[in-house]
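Only one structure is covered here, and it is reproduced in the block below.
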Amino acid sequence: QVQLVESGGGSVQAGGSLRLSCAASGSIFRINDMDWYRQAPGKQRELVAHITSGGSTNYADSVKGRFTISRDNAKNTVYLQMNSLKSEDTAVYYCKMLLSLTAWHIPTNYWGRGTQVSVSS
């Protein structure tokens, strides 16, 4: 059983910073891509940041220059450093990992349950 658990969310004032973590546990053979998504009330879930197994990254335009995604393969963990936070960053943040359970297992997406980030202006 694979589980993804996010941590690091909370409440912060505009201009502040938070660092989210998402750790995968269970019997995992390999993790490919890792992503952070967010969903604000009344809005669709959107991709915030993406990192490949090789370390290449992509960001939503709304967070470029403010957020940084990174990963620690030894710990099966992905991070999201969020700086210069704005009220519009308020959302539930979810991690997603494309991973294989065995060498012959077709890579499958797994999701965390989310962590709340609230930014007050």
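The values are calculated or read from the model by the stated rules, or taken from the named source; none is laboratory data. For clarity, every value in this text was computed on a predicted model and none was experimentally measured. Virtual Cβ from ideal backbone geometry, glycine too; neighbours counted across all protein chains shown. Just the protein is used for accessible areas: all its heavy atoms, side chains included, with ligands, DNA and RNA removed. Shrake-Rupley method; radii C 1.70, N 1.55, O 1.52, S 1.80 Å.
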Residues located in segment 75-84, provided they are open to solvent by less than 50 Å² (accessible area, probe 1.4 Å) and in a strand (DSSP E or B): Thr77, Val78, Tyr79, Leu80, Met82
Residues located in segment 100-118, provided they are surrounded by 11 or more Cβ atoms within 10 Å (Cβ to Cβ) and assigned to a loop (DSSP other than H, G, I, E, B): Leu101, His105, Pro107, Gly112, Arg113, Gly114
Candidates Ser56, Ser121, Ser87, filtered to the one that is in contact with a His (Cβ under 9 Å, 6 or more places away or on another chain) and surrounded by fewer than 13 Cβ atoms within 10 Å (Cβ to Cβ): Ser56
Residues (open to solvent by 30 Å² or more (accessible area, probe 1.4 Å) and either not charged (D, E, K, R) or not in a strand (DSSP E or B) (or both)) located in segment 33-53: Tyr37, Gln39, Pro41, Gly42, Lys43, Gln44, Arg45, Leu47, His50, Thr52, Ser53
Conditions (1) touching a residue at least 12 places away in the same chain (Cβ under 8 Å); (2) over 19 Å from Val2 (Cβ atoms); (3) more than 10 Å from the chain's Cα centre (by Cα); (4) part of a strand (DSSP E or B); number of the one not met by Asn58: (1)
Conditions (1) out of contact with any strand residue (DSSP E or B) (no Cβ under 7 Å at 6 or more places or on another chain); (2) charged (D, E, K, R); (3) open to solvent by 60 Å² or more (accessible area, probe 1.4 Å); number of the one not met by Asp72: (3)
Complete set of residues in segment 91-115 that are more than 22 Å from Gly8 (Cβ to Cβ) and without any contact (Cβ under 8 Å) to a residue 24 or more places away in the chain: Trp104, Ile106, Thr108
